[in-house]
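Enquirer: Dropping a structure here in structure tokens format, bear with me for questions.
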Amino acid sequence: MTRAEIKERLFRWVAVPALAVVLALVALLQYRWSGQVSAAARAQMQSNLQVSLTGFRQDFGRELGAACLEIRTALDTSSTVQPQDLKEQFQHWQQTSAHPNLVTHIYVWQDPANHPQPLRFDPGRDQFERASWPQEFDPLRQHLQEISAMAAMHSSAGAPGRRRPRNGAGMQGFRGRDHFGRNGNADPHRGMHGRGHLDFFLPWAVDQSIPALVYPIRQRSTPDQPADVRSITWLVIELNKNVLEKEVFPELAQKYFRGAAGLDYHVAVREGGKEAGQVIYASDSGFGGDPNLQMDGSLNLLGPPFGRAGDTGFEFLLAPVRQGPSDQTSSDDRRGPGPERSPRFEPFNHSGDHSVWQVVAKHKSGSVEAAVSGLRRRNLMASFGVLMVLGVTMALILIASQRARRLARLQMDFVAGVSHELRTPLAVISSAAENIADGVVEDKQQLMRYGKSLVKQSRQLTHLVEQVLLFASTQQTRPRYESGAVDLADIVDAALEGTSSAITAAGVSVERVVEPGLPAVTADAGRLVQCLQNLITNAVKYGGENHWLRVRAAAVREKSRIVEVAVTVEDHGIGISKDDIRHIFEPFYRSPAVAESGIHGTGLGLPLARNIVEAMGGRLTAESELGKGSAFTIHLQPAERGLEEKQRAPEPQAGPEPDFSA
């Protein structure tokens with residue numbers, strides 16, 4: 001085994017498996033990396049979703065808080081409600097607000113026990129007017145009356161000489177909250193400034209059924225009231241539900257959930273805490289109505305961000321009023337409260353259902369997990385696609401290198417064969433010429449034999465050179481031949497006549513079988529004769545000891561129609577193995593058995609014949625069995641296709657042709 005063969009085997013059995021293992025390891029690492037990237041992407045998406053939900057809640061609170069602060073400031077600057085002050089503050093809010101139509105009406109309800117009708121502020125006029133409560137306000141009105149009565153009774157119970165109700169009496173349905181004080185007993189002086197108003201930082205109640213904002217203002221006692229009794233003035237701000245649905249919520253959804261191609265999430269605002277919560281807003285029709293649908297994220301817009309909302313009953317109003325230094329008005333108190341902050345909003349659940357507005361979101365891919373899985377799948381497809389392209393490229397490089405190596409070996413064999421084929425006629429011509437020039441040949445008969453030998457060898461040399469040049473021309477550009485209607489009988493006779501000398505010299509018996517009535521075929525007569533001569537020469541060269549060949553021309557029929565005409569050259573020679581027959585039409589290829597047998601050749605005859613036949617619109621096929629002979633068939637199209645067989649001709653009798661048999 002040569003060193004080149006050892007290197008080739010090492011490359012095939014070591015380098016190729018090593019490259020395959022490297023590709024497999026890279027694919028495994030890509031799969032693991034994609035899992036880690038997906039986990040990080042999932043955590044990032046969930047974190048971003050929570051940030052978006054929190055931003056949605058905070059901006060919604062700021063939108064409500066801006067109106068609350070402006071309106072409450074107008075009511076808090078004086079002990080009596082001044083329409084002009086309220087109008088100025090309201091107009092200032094409308095000028096600075098992104099949604100000036102968010103507030104529909106403002107109600108101020110003073111002394112609910114004696115005045116069942118509230119004062120309604122009309123933004124288009126400069127006065128309050130006494131108005132009846134709308135029908136949808138009935139549950140809220142009744143609840144506020146109960147709280148006011150309970151607060152008045154509880155406050156009066158703390159005065160001297162008055163009987164105090166037992167602990168918890170009359171407080172059913174009002175649960176205390178930690179930010180109001182322990183056990184519902186808040187300090188009435190905590191968070192109160194000089195004029196006796198509640199601190200700015202106490203929460204507002206939101207009646208979600210209207211919707212409306214509710215805030216209690218604890219006023220000073222009047223001269224006809226005991227000094228320890230204070231009345232409650234209720235501030236009710238009615239919100240425009242249509243503005244919430246069509247403006248506020250859609251803008252917040254676009255702000256916090258918008259992606260490159262629109263909203264990345266289905267977003268809805270609905271009531272939580274019920275079996276089937278009402279949908280206030282939905283970015284997509286039908287979304288949010290199914291309480292069993294698993295959401296990617298949800299957050300309460302009111303009260304605690306998570307969990308169930310409690311009751312906001314303003315329990316701190318039920319604590320008795322005590323005299324203390326906080327009731328004294330100081331110069332600092334007249335300046336009002338400290339820095340403004342966004343107020344808190346608690347759900348006002350007077351029906352006891354603990355419902356609260358929630359913002360919910362679900363990714364449009366189905367879920368965050370589905371979105372991450374889809375992203376991972378696309379990443380894996382892209383990475384594995386790259387690896388596949390890399391693997392195919394490596395395979396093509398290996399195949400190309402093998403073909404280049406094989407082509408180089410074939411070219412070396414071709415050079416060696418051509419050199420041998422050229423050397424033989426050149427040696428004969430040179431020897432004969434020297435003998436004639438030196439006067440060795442004097443006899444006229446001997447001189448004639450030398451002349452014939454020179455002519456034969458020169459023709460062989462010319463044929464070899466023309467064959468190489470013709471093959472080179474067919475490789476550069478596809479040859480174009482002048483095709484026409486050709487009679488196959490004449491082609492067969494011309495090919496046999498052109499190879500008669502080789503046939504006679506080899507002592508080969510020839511059978512010429514041409515089916516009568518064959519239609520003319522479309523071909524170039526000269527090139528077709530050359531192809532047949534190549535096939536006949538190969539049959540003579542590789543015919544072995546049988547010294548027989550047959551040239552047969554016949555029509556191929558389908559359903560009584562001639563579809564093509566086939567010309568077959570057969571021999572009973574050495575044959576071709578199954579492994580070699582796949583390569584015989586490759587340039588410069590010669591089977592190892594032929595090369596070892598000492599039969600000379602260039603490996604260009606069959607490739608050249610195939611190129612010529614295909615250029616004429618035909619095809620060249622081969623059938624062979626090792627040790628039994630070969631058959632090469634040229635398939636050509638008839639000049640007039642679709643000829644019907646009128647009468648089946650009798651099978652021609654095979655027999656030697658006297659003109660071409662040895």
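Enquirer: Name the single residue, out of those in the stretch 293-313 being at pLDDT 85 or above and not hydrophobic (A, V, I, L, M, F, W, C), that is surrounded by the most Cβ atoms within 10 Å (Cβ to Cβ).
Expert: Looking at the filtered set, the residue picked out is GLY303.
Enquirer: If the requirement is being open to solvent by less than 50 Å² (accessible area, probe 1.4 Å), over 60 Å from the mean Cα position of the chain (by Cα) and either aliphatic (A, V, I, L, M) or within 16 Å of GLN637 (Cα to Cα) (or both), which of these qualifies: ALA553, ALA506, ALA566, ALA523? Before you say what the answer is, go through the steps one by one.
Expert: Numbers: ALA553 fails: over 60 Å from the mean Cα position of the chain (by Cα); ALA566 fails: over 60 Å from the mean Cα position of the chain (by Cα); ALA523 fails: over 60 Å from the mean Cα position of the chain (by Cα).
Among ALA553, ALA506, ALA566, ALA523, only ALA506 is open to solvent by less than 50 Å² (accessible area, probe 1.4 Å), over 60 Å from the mean Cα position of the chain (by Cα) and either aliphatic (A, V, I, L, M) or within 16 Å of GLN637 (Cα to Cα) (or both).
Enquirer: Out of contact with any helix residue (DSSP H, G or I) (no Cβ under 8 Å at 6 or more places or on another chain) and either within 30 Å of LEU426 (Cβ to Cβ) or open to solvent by less than 30 Å² (accessible area, probe 1.4 Å) (or both), is that true of LYS559? Before the answer, list the steps.
Expert: Details: out of contact with any helix residue (DSSP H, G or I) (no Cβ under 8 Å at 6 or more places or on another chain): yes; either within 30 Å of LEU426 (Cβ to Cβ) or open to solvent by less than 30 Å² (accessible area, probe 1.4 Å) (or both): no.
The answer is no for LYS559.
A quick yes/no check of all residues on (1) under 30 Å from ASP296 (Cα atoms); (2) of a type in the set (D, E, K, R); (3) at pLDDT below 85:
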position	(1), (2), (3)
GLU369	yes, yes, no
LEU380	yes, no, no
GLN411	no, no, yes
ALA427	no, no, yes
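Enquirer: If we scan the stretch 144-157, do we find a residue that is open to solvent by less than 50 Å² (accessible area, probe 1.4 Å), at pLDDT below 85, over 23 Å from VAL206 (Cα atoms) and assigned to a loop (DSSP other than H, G, I, E, B)?
Expert: Checked the stretch 144-157: at least one residue is open to solvent by less than 50 Å² (accessible area, probe 1.4 Å), at pLDDT below 85, over 23 Å from VAL206 (Cα atoms) and assigned to a loop (DSSP other than H, G, I, E, B).
Enquirer: Condition check: at pLDDT 55 or above and open to solvent by 10 Å² or more (accessible area, probe 1.4 Å). Does SER221 satisfy that? Spell out how you get there, then give the answer.
Expert: Numbers: at pLDDT 55 or above: no; open to solvent by 10 Å² or more (accessible area, probe 1.4 Å): yes.
So SER221 fails the test.
Enquirer: Additional query: Just to be sure before I move on: is GLU511 on the phi < 0 side of the Ramachandran plot, open to solvent by 30 Å² or more (accessible area, probe 1.4 Å) and in contact with a Lys or Arg (Cβ under 8 Å, 6 or more places away or on another chain) in the structure I sent?
Expert: Considered against the rule, which asks whether it is on the phi < 0 side of the Ramachandran plot, open to solvent by 30 Å² or more (accessible area, probe 1.4 Å) and in contact with a Lys or Arg (Cβ under 8 Å, 6 or more places away or on another chain), GLU511 comes out as yes.
Enquirer: For the stretch 224-264, how many residues meet the condition of being part of a strand (DSSP E or B), aliphatic (A, V, I, L, M) and modelled with pLDDT of 85 or more?
Expert: First, pick out the residues of the stretch 224-264 that are part of a strand (DSSP E or B): 232-239, 258-259, 262-263.
If we keep only those that are aliphatic (A, V, I, L, M) too, we end up with 232, 235-237, 239, 263.
Remaining after also requiring modelled with pLDDT of 85 or more: 235-237, 239, 263.
Number satisfying all stated conditions: 5.
Enquirer: To continue, here is another question. Report, by residue number, each residue of the stretch 227-250 that is in contact with a helix residue (DSSP H, G or I) (Cβ under 9 Å, 6 or more places away or on another chain) and under 21 Å from VAL51 (Cα atoms).
Expert: Hits for the stretch 227-250 are VAL248, PHE249.
Enquirer: Separate question: When you look at SER78, is it open to solvent by 10 Å² or more (accessible area, probe 1.4 Å), out of contact with any Asp or Glu (no Cβ under 6 Å at 6 or more places or on another chain) and at pLDDT below 90, yes or no? Lay out the reasoning, then the answer.
Expert: Values: open to solvent by 10 Å² or more (accessible area, probe 1.4 Å): yes; out of contact with any Asp or Glu (no Cβ under 6 Å at 6 or more places or on another chain): yes; at pLDDT below 90: yes.
Criteria met by SER78.
Enquirer: Still on this model: Take the residues in the stretch 574-584 that are open to solvent by 30 Å² or more (accessible area, probe 1.4 Å) and hydrophobic (A, V, I, L, M, F, W, C), then tell me which one is farthest from GLY543 (Cα to Cα).
Expert: ILE581
Enquirer: What is the number of the single condition among (1) at pLDDT 80 or above; (2) crowded, with 16+ Cβ neighbours inside 10 Å; (3) not acidic (Asp, Glu) that PRO188 does not meet?
Expert: Answer for PRO188: the failing condition is (1).
Residue-by-condition table, conditions (1) among the β-branched types (Val, Ile, Thr); (2) in contact (Cβ under 8 Å) with a residue 40 or more places away in the chain:
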site: ILE6; (1), (2): yes, no
site: PHE11; (1), (2): no, no
site: PRO17; (1), (2): no, no
site: VAL37; (1), (2): yes, yes
site: ALA40; (1), (2): no, no
site: GLN46; (1), (2): no, yes
site: ALA66; (1), (2): no, no
site: ALA74; (1), (2): no, no
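Enquirer: Determine the pairs where a residue that is closer than 10 Å to ARG42 by Cα and open to solvent by 70 Å² or more (accessible area, probe 1.4 Å), located within the stretch 362-379, has a partner that is at pLDDT 90 or above and not polar (S, T, N, Q) with Cβ atoms under 9 Å apart, the partner being 6 or more residues away or on another chain.
Expert: GLU369/ARG42; GLU369/ASP296; GLU369/HIS363
Enquirer: Then there is this: So which of LEU464, LEU469, LEU447 ends up being open to solvent by less than 40 Å² (accessible area, probe 1.4 Å) and hydrophobic (A, V, I, L, M, F, W, C)?
Expert: On the way: LEU469 fails: open to solvent by less than 40 Å² (accessible area, probe 1.4 Å); LEU447 fails: open to solvent by less than 40 Å² (accessible area, probe 1.4 Å).
None of the others qualify; the one that does is LEU464.
Enquirer: Might you let me know whether the stretch 1-14 holds any residue that is modelled with pLDDT under 85, touching a helix residue (DSSP H, G or I) at 6+ places or on another chain (Cβ under 7 Å), more than 30 Å from SER342 (Cβ to Cβ) and open to solvent by 60 Å² or more (accessible area, probe 1.4 Å)?
Expert: So far as the stretch 1-14 goes, no, none of its residues is modelled with pLDDT under 85, touching a helix residue (DSSP H, G or I) at 6+ places or on another chain (Cβ under 7 Å), more than 30 Å from SER342 (Cβ to Cβ) and open to solvent by 60 Å² or more (accessible area, probe 1.4 Å).
Yes or no, residue by residue, for (1) modelled with pLDDT of 90 or more; (2) open to solvent by 20 Å² or more (accessible area, probe 1.4 Å); (3) outside any helix (DSSP H, G or I); (4) on the phi > 0 side of the Ramachandran plot:
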position: LEU28; (1), (2), (3), (4): yes, yes, no, no
position: THR54; (1), (2), (3), (4): yes, yes, no, no
position: ARG62; (1), (2), (3), (4): yes, yes, no, no
position: GLU70; (1), (2), (3), (4): no, yes, no, no
position: ALA74; (1), (2), (3), (4): no, no, no, no
position: ASP85; (1), (2), (3), (4): no, yes, no, no
position: GLN91; (1), (2), (3), (4): no, yes, no, no
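The values are calculated or read from the model by the stated rules, or taken from the named source; none is laboratory data. For clarity, every value in this text was computed on a predicted model and none was experimentally measured. Note that we place each Cβ from the backbone using ideal geometry, even for glycine, and neighbour counts take in every protein chain shown. All accessible areas refer to the heavy atoms of the entire protein, side chains included, with ligands and DNA or RNA removed. Shrake-Rupley method; radii C 1.70, N 1.55, O 1.52, S 1.80 Å.
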